[in-house]
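Down below is the structure, laid out as structure tokens.
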Amino acid sequence: MPLMTWELWLARDIVADNPLPWQKSIDKLTPGRVAQSLGGVFAVIGTPASLPKPRGKSPGWKPGQPRTRRIRYPYVKKTATKPRKEQQESA
């Protein structure tokens with residue numbers, strides 16, 4: 001927590017105040033207001049990750065390639081359970 005607060009305090013000079021509609025603009029930014037404004041800094045810096053590559057449409061089946069149907073396996077039916085025999089009560 002102290003390290004995060006220190007980083008936000010050091011970043012006060014590089015961020016511009018971007019108050020929400022109900023907030024007043026202030027000169028000395030608080031750590032919370034700096035964290036709120038860091039989104040613009042991150043948008044300018046960018047990301048080290050490369051952009052996603054467009055993949056397009058998959059080629060599908062090659063022309064003339066024979067297609068085989070799925071192998072159908074026989075299904076197993078569950079047998080009905082027999083009702084239990086009732087035991088007579090001993091006296």
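From the residues Leu20, Gly56, Met4, which one has its Cα farthest along the dipole of the chain in the positive direction, the dipole being from +1 and -1 charges on Cβ of Lys/Arg and Asp/Glu about the Cα centre?
Value: Gly56.
Please provide three numbers in whole Å: the alpha-carbon extents of the chain along the principal axes, with the largest listed first.
88, 76, 29
Quick one: helix 31-45 against the long Cα principal axis of the chain, what's the angle to the nearest 10°, folded into 0 to 90?
Helix 31-45 sits roughly 80 degrees off the main axis of the chain.
So if we plug the beta-carbon distance of Ala11 and Thr47 into 1/(1 + (r/R0)^6) with R0 = 30 Å, what FRET efficiency do we get, rounded to 0.05?
0.95
Treat each spin label as a single point 7 Å out from the Cα along the C-beta direction, and report the Ile26 to Tyr73 distance in nm.
Spacing of the two 7 Å Cα→Cβ label points: 6.7 nm.
Readers should treat all values here as calculations from the given coordinates under stated rules, not as data from a laboratory. Note that the structure is a prediction, hence the values are computed from the model and not measured. Glycine gets a Cβ as well: all are built from the backbone with ideal geometry, and neighbour counts include every protein chain shown.
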